[in-house]
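Notes to accompany the following structure.
The values are calculated or read from the model by the stated rules, or taken from the named source; none is laboratory data. Small disclaimer: the values here were computed from a predicted structure and weren't measured. Glycine also receives a Cβ, built like all others from the backbone with ideal geometry; neighbour counts cover every protein chain displayed. Surface accessibility is based on the protein's heavy atoms, side chains included, excluding ligands, DNA and RNA. Shrake-Rupley method; radii C 1.70, N 1.55, O 1.52, S 1.80 Å.
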Amino acid sequence: MKKVAALVLTGFLVGSSQFSVQASTVSYADQIVSMQPGVSAEELAKQVNELTVSTGMSEAEIYEAMYNEMEKQNQMAEEEAKQLAEENAISGDADIQGGDSSALYIVGPSARGDFYYTPSATAYINHGHVGLYYSSNVIVESIYPSGVRSISANVRKVDKGAVVKSISTSSTNKTNATSWAYGEIGQPYSLNFANNRNTGHGGAKNCSKLIWSAFKLHGNLDLDVDKGFGVYPRDVRDATQTVFKRKI
C-alpha cells in the first residue's frame, strides 16, 4: 500500500512539475504577445518551435529568454528616465519631466554610416529608436507604423538624451551598408523585436533590425551587444563596435 502511495505521489509531483513548466511557458508567451501585439501567438509559436531545432533549447527556455530580454529593456528605460531627470534637475532644464518628453530637438547632420539613438516607446515596450545616416543630411529609418523611410536630419526631432554614434568599420562597408538600407525604403514595419535576429533580412523590419541587417550583410558586423534572440535599439547603441560622437 505504501509503495502504491509513493508511486501515486511521485506521479503527482512529476505531473505538477510538467504542469508548472507548461503554465510558465504559456504565461511568458502571452506576455510577449501582449508586448508586441502585431505578432500573433501562432507566429511566435512557429518561430519558437524552429528555434528549438537550431538552438537545442526547450520552448520554455526560449520563451523565458525572450521575455527576460523585454523586461531588461523596460528596466533600462526606467534607468534612462531617472538619469535624465537627475541631469535636468542639475541643469535646471524644466521642459523634460523624467525623460517623458515629446521630441523637441533636431538631431542634425553627421557622417555617412553614423546612427542616432533616442528614447522611444512602441506598443508596450520602451526600447528606444535608432536611425541610420545615409548621408550627412539624410537619415533612413524604420518607424511605426509606416515602415522604412528617409528624412532630413535637419528636421528629424528626437528626445533629450539622444546620442549620435559612429561605427568602427571601413568607409566601403559604411557605403554599402547605408546603400542597402536606403534600398529598403518602402518596406513595412515589423513589431517583432523578440526574435528579429533570426528573421530574414528582407521584408518588414523595425529600426534596429534595419541597421543590424545592413552591417551584418555589408561588413559582417554583429551590432548586438548581448547576442540575444532580439536585436533592440539599445543593443545597437551599446554594441562594442560603436563610438560615441555627441549627446543631444
inquiry  = I need the full set of residues from the range 105-133 which are in a loop (DSSP other than H, G, I, E, B) and modelled with pLDDT of 95 or more, in order please.
reply    = Val107, Gly108, Pro109, Ser110, Ala111, Arg112, Gly113, Asp114
task = Would you check which residues across the range 144-158 are farther than 20 Å from Gly38 by Cβ and either in contact with a Cys (Cβ under 6 Å, 6 or more places away or on another chain) or open to solvent by 20 Å² or more (accessible area, probe 1.4 Å) (or both) and list them?
result = Ser150, Ile151, Ser152, Asn154, Val155, Arg156, Lys157
task = Identify the single condition in (1) over 16 Å from Asp224 (Cα atoms); (2) part of a strand (DSSP E or B); (3) open to solvent by 20 Å² or more (accessible area, probe 1.4 Å) that Glu141 does not satisfy, given that it satisfies every other one.
result = (3)
message = If a residue counts only when it is of a type in the set (Phe, Trp, Tyr), surrounded by 11 or more Cβ atoms within 10 Å (Cβ to Cβ) and at pLDDT 75 or above, which helices (runs of 4 or more DSSP H) contained entirely in the range 1-104 have at least 1 such residues?
response = 2-35, 59-91
message = Can you confirm whether Ala41 is under 21 Å from Asp238 (Cβ atoms) and among the small types (Gly, Ala, Ser)?
response = no
query = When the range 176-229 is examined, which residues are found to be open to solvent by less than 20 Å² (accessible area, probe 1.4 Å), of a type in the set (A, V, I, L, M, F, W, C) and under 14 Å from the mean Cα position of the chain (by Cα)?
reply = Phe193, Ala194, Cys207, Leu210, Ile211, Trp212, Leu223
ask   = Here are Arg112, Arg149, Arg197, Arg156: which of them is more than 22 Å from Thr242 (Cβ to Cβ) and of a type in the set (Lys, Arg)?
value = Arg149
query = Where residues in the range 194-241 are part of a helix (DSSP H, G or I) and polar (S, T, N, Q), which of them is nearest to Met76 (Cα to Cα)?
reply = Ser208
key: the range 173-191 residues that are of a type in the set (Asp, Glu), paired with ones that are crowded, with 21+ Cβ neighbours inside 10 Å (beta carbon under 6 Å, 6 or more apart)   = Glu184/Val148
task = Select from the range 230-248 the residues that are over 18 Å from Met70 (Cα atoms) and surrounded by 19 or more Cβ atoms within 10 Å (Cβ to Cβ) and list them in ascending order.
result = Thr242
key: Single residue of the range 161-173 satisfying the filter (open to solvent by less than 40 Å² (accessible area, probe 1.4 Å) and assigned to a loop (DSSP other than H, G, I, E, B)) that is modelled with the lowest pLDDT   = Gly161
task = Of the conditions (1) hydroxyl-bearing (Ser, Thr, Tyr); (2) assigned to a loop (DSSP other than H, G, I, E, B); (3) open to solvent by less than 40 Å² (accessible area, probe 1.4 Å), Ser136 clears all except one; give me its number.
result = (3)
